[in-house]
Amino acid sequence: MDTIVVGGGIAGIAAAARLSAQGHAVRVVDPGPLGGLAQTLEPLPGWRIEAGPTTFLGRSRAVFELLGLLGLSEAVVPLAGGARYLRRGGRLRRFPFRLAELPRLILGLFRHPESGPSVRDWFAARVGDSVAEEVVGGLVTGIWATGPESLEMESCFPSLFSARSLWAAMRAPSAGKGTFTLRDGLGAIGGAAAVRHVATTADVAERRGDRWVVNTSEGALEAEALVVAVPGWNLREVCPWLAVPEFTYSPIVGAHWLSPDAAFPRGFGYLAGPREGAAVLGTLFTSSLFPGRAPAGLVAGATLLGGTRDPAAVELSDDAVRDRIATEHRALTGRGITLDALHLVRRPRAVAIPGPGHAARLRELSALPTRFALAGAWCGAGSMDDAARSGFAAAHRVTA
Ligand SMILES: Cc1cc2nc3c(=O)[nH]c(=O)nc-3n(C[C@H](O)[C@H](O)[C@H](O)COP(=O)(O)OP(=O)(O)OC[C@H]3O[C@@H](n4cnc5c(N)ncnc54)[C@H](O)[C@@H]3O)c2cc1C
């Protein structure tokens, strides 16, 4: 069977790789390089940065399966990682809780009270407002660049949601531990996708008779089956005939820098929840995480700015971003920082926000035409694993 996959991010590649492995003919339509958000860049010789995702978890079964299909299993490397910090009360803390919060926290492990639909509601009902807003608020900032009140618990933390109590979730068998990446960066995923790439933008895709037709500026493409794996915000343009819900996205600026005198501690990095009022969302300590990706003698980092709390940050000039990084570094370490190089990746629509009602809206999207499927990280909580899983499910759907 011949299939067109519109969108060549991880979701589209997973669909295409699975279909190809089953002997089907596949074309992937995408104006950009394959891999979508997952791109590894080299702004200067010896300095390699991730312009999108950086790591995946050991429990990401679909990602491991995809890497196997692409012949990349040998390139998977575990990350030493080290300490993860939370900016709380203007300081970096490895243990983010206050003493006064501990009794409620311990009791909260076993409680399963009724709560509202948001991540904030769910945690506040169990472990209290301050932990829900400041600690969980920091954690979710690193994934969705928004506050816990804007996120749906069922969509963002499905295992925790169905386990109901934190203790039950902690005791559930874990699918895999640790944090991983690819030796040469996650951009290798797009490079390893041995599929036919049609480098153009798809306009409207529609059903004509028993064929799917994808209109592009290069002409119309036809196939028996169609997988649409574009970001949620673009779905309406490609499939105007589909009752697509409104998707909200967080804007993020990734500010990648090199410095001879950065004084951040070693470790994974830190996050700053909305209550901190910080000028940044957090910083990945890239040099500690990925040894060998920065020129000798320099420390590399990636500071994230923007999110729903500061959407205008995507418009900031390089100098304004430099100032923010310097102010934040001084606030946290008491020292100045020299930035020898700065490379900004501005994404006005970076990450889909699974807000309250997201799971129900996705369920409504399940009645789809024959030989047609949707894929994308937005089909789940937004991770690479959600993207890969949705791609495999789409391949299964169009061939079933
Ligand atoms: C800064 C950042 C950091 C992240 N960090 C992590 C992380 O560490 N770990 C993790 O698991 N996840 C992370 N994520 C999320 C992860 O990047 C996504 O889950 C995943 O890459 C999404 O893949 P996708 O295929 O769904 O979408 P995309 O990668 O967005 O791919 C969609 C593709 O569709 C194409 N397209 C759009 N419109 C059209 C059209 N009309 N015609 C043809 N093609 C079209 C686009 O060009 C794009 O290539 C991060 C995201 C960002 C932004």
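The values are calculated or read from the model by the stated rules, or taken from the named source; none is laboratory data. Not measured: the values here are computed from a predicted model. Cβ atoms come from the backbone with ideal geometry, glycine included; neighbour counts cover every protein chain shown.
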Problem - Which numbered condition residue 49 misses (of (1) part of a strand (DSSP E or B); (2) within 15 Å of the ligand (Cβ to nearest atom); (3) over 20 Å from residue 351 (Cβ atoms)) - result: (3)
Problem - Cβ pairs under 8 Å, 6+ apart, first in region 137-148 and over 14 Å from residue 278 (Cα atoms), second within 16 Å of the ligand (Cβ to nearest atom) and of a type in the set (Ser, Thr, Tyr) - result: 140/146; 143/383; 144/250
Practice task
Name the single residue, out of those in region 140-154 being of a type in the set (A, V, I, L, M) and under 13 Å from the mean Cα position of the chain (by Cα), that is farthest from residue 106 (Cα to Cα).
Solution key: 145
Problem - Selection count, region 341-363, where residues are modelled with pLDDT under 95 and within 12 Å of the chain's Cα centre (by Cα) - result: 0
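Residues are listed down the side, and each one gets a yes or a no for (1) buried (at least 18 other Cβ atoms within 10 Å of the Cβ); (2) basic (Lys, Arg); (3) free of Cβ contacts under 8 Å to residues at least 24 places away in the same chain:
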{"residue": "183", "(1), (2), (3)": "no, yes, no"}
{"residue": "211", "(1), (2), (3)": "no, yes, yes"}
{"residue": "229", "(1), (2), (3)": "yes, no, no"}
{"residue": "240", "(1), (2), (3)": "no, no, no"}
{"residue": "253", "(1), (2), (3)": "yes, no, no"}
{"residue": "259", "(1), (2), (3)": "yes, no, no"}
{"residue": "277", "(1), (2), (3)": "no, no, yes"}
{"residue": "283", "(1), (2), (3)": "yes, no, no"}
{"residue": "289", "(1), (2), (3)": "yes, no, no"}
Exercise for the section: Could you check how many residues of region 359-395 are of a type in the set (A, V, I, L, M, F, W, C), crowded, with 24+ Cβ neighbours inside 10 Å and in a loop (DSSP other than H, G, I, E, B)? Expected result: 1
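Tell me, which strands (runs of 3 or more DSSP E) lie completely within region 198-280 with 1 or more residues that are assigned by TED's automatic domain parsing to the domain that holds residue 291?
Hits in region 198-280: 249-259, 269-272.
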Practice task
Just name the residue that is farthest from the chain's Cα centre (by Cα) out of those in region 179-196 that are in a helix (DSSP H, G or I) and of a type in the set (A, V, I, L, M, F, W, C).
Solution key: 192
Practice task
Tell me the helices (runs of 4 or more DSSP H) entirely within region 66-177 that contain at least 2 residues that are touching a Pro at 6+ places or on another chain (Cβ under 8 Å) and not assigned by TED's automatic domain parsing to the domain that holds residue 377.
Solution key: 119-127, 136-144, 153-156
Fill in the blank from the handout: residue 377 fails exactly one of (1) away from the ligand (no atom under 16 Å from the Cβ); (2) under 30 Å from residue 255 (Cβ atoms); (3) out of contact with any strand residue (DSSP E or B) (no Cβ under 6 Å at 6 or more places or on another chain); (4) not basic (Lys, Arg), namely (1)
Practice task
Please work out which one of (1) among the polar types (S, T, N, Q); (2) closer than 30 Å to residue 113 by Cβ; (3) at pLDDT 95 or above is the condition residue 159 fails and give its number.
Solution key: (3)
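Results for (1) within 30 Å of residue 385 (Cα to Cα); (2) in a loop (DSSP other than H, G, I, E, B); (3) in contact with a Ser or Thr (Cβ under 7 Å, 6 or more places away or on another chain), shown as yes or no for each residue.
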| position | (1), (2), (3) |
| --- | --- |
| 297 | no, yes, no |
| 308 | yes, yes, yes |
| 314 | yes, no, no |
| 320 | no, no, no |
| 325 | no, no, yes |
| 331 | no, no, no |
| 343 | yes, no, no |
